[in-house]
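Remarks on the structure that follows.
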Amino acid sequence: VQLQAYGGGLVQPGGSLRLSCAASGSIFSISGMGWYRQAPGNERELVAFTSGDITNYAESVKGRFTISRDKAKNTVDLQMNSLKPEDTAVYYCNVVQLPRSYWGQGTQVTVSS
């Protein structure tokens with residue numbers, strides 16, 4: 001399974017960005033898709049993940065970020081609103097197709113004035 005992520009960039013505080021990730025390759029039964037992020041000096045952390053009817057968000061992004069998945073297209077998007085400088089990180093798309101977990105190449109999101 002290959003993942004291609006799009007949509008990172010530089011945005012001012014309070015702005016919005018939309019990340020998109022498309023899965024391709026040997027796809028037969030994806031159980032979940034989501035986004036993680038890693039800021040310099042920090043460990044990779046969950047941002048949002050959706051599996052079946054369950055969606056989880058990090059507390060720090062609740063009410064600001066929205067994850068959406070298109071099962072037919074094998075894509076997952078992350079709409080990020082009201083961005084803060086602390087949202088600055090490399091964002092990674094993640095797909096779980098049991099028994100494996102797959103990662104995209106990462107896309108940089110920088111929130112700065």
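Could you work out how far the C-alpha centroid of region 69-113 sits from that of region 1-39, in angstrom? That distance is 3 Å. A compact globular protein would have a Cα radius of gyration near 2.2 N^0.38 Å; the ratio found for region 21-67 is 1.32.
Given a 1.4 Å probe and every protein chain left where it sits, what share in percent of the accessible area of the chain is carbon and sulfur?
Accessible surface attributable to carbon and sulfur in the chain totals 48 percent.
For Lys84, a cut-off of 18 angstrom between C-alpha atoms picks up these aspartates and glutamates, skipping any fewer than 8 places away in its own chain: Glu45, Glu59.
List the trypsin sites (Lys or Arg not before Pro) within region 42-113 that DSSP assigns to loop and that have no more than 13 neighbouring Cβ atoms inside 10 Å. Walk me through the numbers before you get to the answer.
Working: sites: Arg44, Lys62, Arg64, Arg69, Lys71, Lys73, Arg100; in loops: Arg44, Lys62, Arg64, Lys71, Lys73.
When the trypsin sites (Lys or Arg not before Pro) of region 42-113 are filtered for loop state and at most 13 Cβ neighbours within 10 Å, Lys62, Lys71, Lys73 remain.
Averaged per residue, the chain has 53 square angstrom of accessible surface, using a 1.4 angstrom probe with ligands and nucleic acids left out. For region 73-106, the residues whose backbone nitrogen is under 14 Å from a point 7 Å from the Cα of Ala39, taken along Cα to Cβ, are 83-91. With both labels modelled 7 Å from their Cα along Cα-to-Cβ, the Ser29 to Ser68 distance reads 2.8 nm.
Kindly provide the Kirkwood hydrodynamic radius of the chain in Å, to one decimal, from all pairs of distinct alpha carbon atoms. Show your work: numbers first, answer last.
Working: mean 1/r = 0.0715 Å⁻¹.
Taking every pair of different Cα atoms in the chain, averaging 1/r and inverting gives 14.0 Å.
In this simple spin-label model, placing a label point 7 Å from the Cα along the Cα-to-Cβ direction at both Asn56 and Gln12 gives a separation of 3.6 nm.
Restriction of the chymotrypsin sites (Phe, Trp or Tyr not before Pro) in region 13-97 to DSSP coil positions whose beta-carbon has at most 12 other beta-carbons within 10 angstrom yields Phe28.
The values are calculated or read from the model by the stated rules, or taken from the named source; none is laboratory data. As the structure is a computational prediction, the values presented were derived from the model and not from experiment. Quick reminder, even Gly has a Cβ in these numbers, built from the backbone with ideal geometry, and neighbours come from all protein chains shown. The protein model used for the area step is the full one, side chains on, heavy atoms only, and it has no ligands, DNA or RNA in it. Shrake-Rupley method; radii C 1.70, N 1.55, O 1.52, S 1.80 Å.
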